[in-house]
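Everything on this sheet refers to the single structure shown next.
The values are calculated or read from the model by the stated rules, or taken from the named source; none is laboratory data. The model shown is predicted, which means the values in this text are computed figures rather than measured ones. Positions of Cβ are generated from backbone atoms using ideal geometry, with glycine treated the same way; all protein chains shown enter the neighbour counts. Just the protein is used for accessible areas: all its heavy atoms, side chains included, with ligands, DNA and RNA removed. Shrake-Rupley method; radii C 1.70, N 1.55, O 1.52, S 1.80 Å.
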Amino acid sequence: EAEVAQSPRYKITEKSQAVAFWCDPISGHATLYWYRQILGQGPELLVQFQDESVVDDSQLPKDRFSAERLKGVDSTLKIQPAELGDSAMYLCASRGAPSGANVLTFGAGSRLTVL
Amino acid sequence: AQKITQTQPGMFVQEKEAVTLDCTYDTSDQSYGLFWYKQPSSGEMIFLIYQGSYDEQNATEGRYSLNFQKARKSANLVISASQLGDSAMYFCAMREGKVLGSGGGADGLTFGKGTHLIIQP
């Protein structure tokens, strides 16, 4: 069964360090999302890509977060410098051509701990 | 105001009993979609069921059904014959303002805070 790949699964870093997360969506999925999920809360959208273009990054803290999807396939989310409040699960999701329910398929996530 | 409200932070249910997880939503759009996802302790979000705002019948997927009451803006998840493996976090989510199938614009899901369901033997 096709899946969304994410790495690393776990990352521990010290504050002020840089950290990066990688996502490879399901093959052929043009739309890719990055979500942040703080412990005990629901996921919150950070950024949405359509192919290589950013569709929505209104909730992305642009002073320290950046995201790219250069070739419209895999994507990288970067945090620099990391802060204690960035400790969370970072979830990537993808969706194929819009039809029916337009279901988002999520990866297993990358859990970040900032010390 | 919150767009998705899940009022049950946690629930304990006996195995084999049916369980209803509450979800209310807030939108002024006529076209929207409602989703339920399950998140086990491993962290992955697993899609369970979907209801479109124009769907006349309540959605069903195996043991999952969605009790959609449009006038009350509620979309409760019903799990029949609960199993130990159903223990997880459950999230209700909404997509607003898109004609389903159009695509191309901002259409990320808005999630509630979730309900932690524990099935007891």
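Summary table below
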item: Residue among A:D56, A:D86 that is within 25 Å of A:Q17 (Cα to Cα), of a type outside the set (A, V, I, L, M) and within 15 Å of the chain's Cα centre (by Cα); result: A:D86
item: Qualifying residue in the stretch A:11-32 (condition: away from every other protein chain (no Cβ under 14 Å), over 13 Å from the mean Cα position of the chain (by Cα) and among the acidic types (D, E)); result: yes
item: Residue in the stretch B:76-85 that is under 24 Å from A:A2 (Cα atoms) and either open to solvent by 40 Å² or more (accessible area, probe 1.4 Å) or touching a Phe, Trp or Tyr at 6+ places or on another chain (Cβ under 9 Å) (or both) present; result: yes
item: Extreme residue, nearest to B:Y90 (Cα to Cα), among residues of the stretch B:1-54 that are crowded, with 16+ Cβ neighbours inside 10 Å and among the small types (G, A, S); result: B:G43
item: Selection status of A:G109, within 27 Å of B:L34 (Cβ to Cβ) and in contact with a His (Cβ under 7 Å, 6 or more places away or on another chain); result: no
item: Residues (under 17 Å from A:R9 (Cβ atoms) and part of a loop (DSSP other than H, G, I, E, B)) located in the stretch A:49-81; result: A:D74
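Here is a yes/no grid of residues against (1) assigned to a strand (DSSP E or B); (2) within 14 Å of chain A (Cβ to nearest Cβ); (3) of a type in the set (F, W, Y); (4) over 14 Å from the mean Cα position of the chain (by Cα):
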position	(1), (2), (3), (4)
B:E44	no, yes, no, yes
B:F47	yes, yes, yes, no
B:Q51	yes, yes, no, no
B:M94	yes, yes, no, no
B:G108	no, yes, no, yes
